[in-house]
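Below is one structure, written out as structure tokens; the observations come after it.
The values are calculated or read from the model by the stated rules, or taken from the named source; none is laboratory data. Note that the structure is a prediction, hence the values are computed from the model and not measured. Don't worry about glycine lacking a Cβ; one is built from the backbone with ideal geometry, like all the others, and counts go over all protein chains shown.
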């Protein structure tokens, strides 16, 4: 399939792709509660005539083009879940050429794109001498911690030749560096007491504030490739009481696994030091403050060289459709295969979007077929080898 043919096939199916995108976005899919959307994708994969279409043990929807289970497939995936907790029905609004709905771009567009590619593969339009494993994955967002992708690449995708995650809109971006992440919940607990009568009792909020100061003082990392964010904080019960409990949550990200390990040590050491500092000031009859640190999320980092055949094929497909490749860093399902030595990238499914992860998220079909065609060209090039 050449770029002209790929673009024509994508344009012929453009209305169906958009209809799929609207239908998908209309189904709420909070992380961990993707079952209804998964059932929709199950029916869609079957309609595309993929083989061995089913739900796996963690709720991923999987299906094959070519012989199911054959060695070294190409894996094409898009995540089912959104960042939104509500399970209420979602209305997709059309306004001035845009579609508006929570999750309309991330990742209803990615799912609609792989559904269209499944049509092309199932009908024989997309040449595939190598099997393609299609997957709609669960628990990609937030505290889901890439659970669906972890299971996929532990099982049917474990020996994949290459992996492509379709995440959001766009037709130029190629994610070659997986942004690793570690997330922490740090809690301080003590006896508390009256703000005057028990003054000198360790203050959980004081310790939490001291920890924030220590964390944000860490500056030996490369700011372009590492980030440390204190994202949530809470504690206390009333204005005239020494807080008995306070907690913070911390998000640490880097493209470097060694840097993530150094930051892990920094977070743990800082938590202990903040508690020790507050306890050192306590009155003699006051019980000490305790600190508990819990790792609540971990995403591995990884990277594929721009010289790798997978990346070269993605760049060639992008240029073949008169777009300029833009190499990027992000956290996607591709983190998992990259961390396991499987070449992997993430790309967009075409069109444009904005206000991602907000209730006012939007998608505009600016020649969105071009992004679908790029994915088809790339998939065809990889599966034809």
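If you take the residues in the stretch 252-277 that are without any contact (Cβ under 8 Å) to a residue 12 or more places away in the chain and over 28 Å from the mean Cα position of the chain (by Cα), which one is surrounded by the most Cβ atoms within 10 Å (Cβ to Cβ)?
276
When the stretch 207-236 is examined, which residues are found to be part of a loop (DSSP other than H, G, I, E, B) and at pLDDT below 95?
The answer is 217, 218, 219, 220, 221, 222, 223, 224, 225.
Can you say whether residue 269 is in the same structural domain as residue 198 (by TED's automatic domain parsing), more than 14 Å from residue 206 (Cα to Cα) and in a helix (DSSP H, G or I), as far as the supplied structure shows?
yes
Residue-wise test of (1) assigned by TED's automatic domain parsing to the domain that holds residue 355; (2) touching a residue at least 12 places away in the same chain (Cβ under 8 Å); (3) within 11 Å of residue 137 (Cα to Cα).
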| site | (1), (2), (3) |
| --- | --- |
| 14 | yes, yes, no |
| 22 | yes, yes, no |
| 27 | yes, yes, no |
| 36 | yes, no, no |
| 64 | yes, yes, no |
| 68 | yes, yes, no |
| 74 | yes, yes, no |
| 80 | yes, yes, yes |
| 85 | yes, yes, no |
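Considering only the stretch 43-60, state which residues are touching a strand residue (DSSP E or B) at 6+ places or on another chain (Cβ under 7 Å), within 15 Å of residue 80 (Cβ to Cβ) and either touching a residue at least 24 places away in the same chain (Cβ under 8 Å) or part of a loop (DSSP other than H, G, I, E, B) (or both).
Within the stretch 43-60, 45, 56, 60 meet the criteria.
Going residue by residue through the stretch 184-191, is there one that turns out to be surrounded by fewer than 22 Cβ atoms within 10 Å (Cβ to Cβ), free of Cβ contacts under 8 Å to residues at least 60 places away in the same chain, outside the structural domain of residue 102 (by TED's automatic domain parsing) and not in a loop (DSSP other than H, G, I, E, B)?
The answer is no; no qualifying residue exists.
Out of all the residues in the stretch 194-206, which are under 11 Å from residue 282 (Cβ atoms) and assigned to a strand (DSSP E or B)?
The answer is 199, 201.
May I ask you to list the residues in the stretch 109-129 that are modelled with pLDDT under 90 and touching a strand residue (DSSP E or B) at 6+ places or on another chain (Cβ under 7 Å)?
Correct list: 128 only.
If you take the residues in the stretch 77-89 that are part of a loop (DSSP other than H, G, I, E, B) and over 15 Å from residue 40 (Cα atoms), which one is farthest from the chain's Cα centre (by Cα)?
88
Tell me, please, whether a residue that is in the same structural domain as residue 20 (by TED's automatic domain parsing), in contact with a strand residue (DSSP E or B) (Cβ under 6 Å, 6 or more places away or on another chain) and closer than 16 Å to residue 77 by Cβ can be found in the stretch 307-320.
yes
Which condition number in (1) under 28 Å from the mean Cα position of the chain (by Cα); (2) touching a residue at least 40 places away in the same chain (Cβ under 8 Å) is the one that residue 246 fails?
Checking residue 246 against (1) under 28 Å from the mean Cα position of the chain (by Cα); (2) touching a residue at least 40 places away in the same chain (Cβ under 8 Å), the one that fails is (1).
Within the stretch 61-76, can you find the residues that are assigned to a strand (DSSP E or B) and more than 16 Å from residue 108 (Cα to Cα)?
Matches in the stretch 61-76: 62, 63, 64, 65, 74, 75.
Working only within the stretch 52-71, note down all residues that are touching a helix residue (DSSP H, G or I) at 6+ places or on another chain (Cβ under 9 Å) and modelled with pLDDT under 95.
65, 66
Output the residue which, of all residues in the stretch 80-97 that are within 17 Å of residue 59 (Cβ to Cβ) and in contact with a helix residue (DSSP H, G or I) (Cβ under 8 Å, 6 or more places away or on another chain), is surrounded by the fewest Cβ atoms within 10 Å (Cβ to Cβ).
Only one residue tops the list, namely 81.
Quick one: would you say residue 200 is assigned by TED's automatic domain parsing to the domain that holds residue 36, at positive phi and surrounded by fewer than 19 Cβ atoms within 10 Å (Cβ to Cβ)?
So residue 200 does not fit the description; no.
So which of 100, 143, 129 is within 18 Å of the chain's Cα centre (by Cα), more than 19 Å from residue 36 (Cα to Cα) and surrounded by fewer than 24 Cβ atoms within 10 Å (Cβ to Cβ)?
That would be 143, the only listed residue that is within 18 Å of the chain's Cα centre (by Cα), more than 19 Å from residue 36 (Cα to Cα) and surrounded by fewer than 24 Cβ atoms within 10 Å (Cβ to Cβ).
Taking the conditions exactly as written (within 13 Å of residue 81 (Cα to Cα) and either in contact with a helix residue (DSSP H, G or I) (Cβ under 7 Å, 6 or more places away or on another chain) or in a loop (DSSP other than H, G, I, E, B) (or both)), does residue 112 satisfy them or not?
No; evaluated as a whole, the condition is false for this residue.
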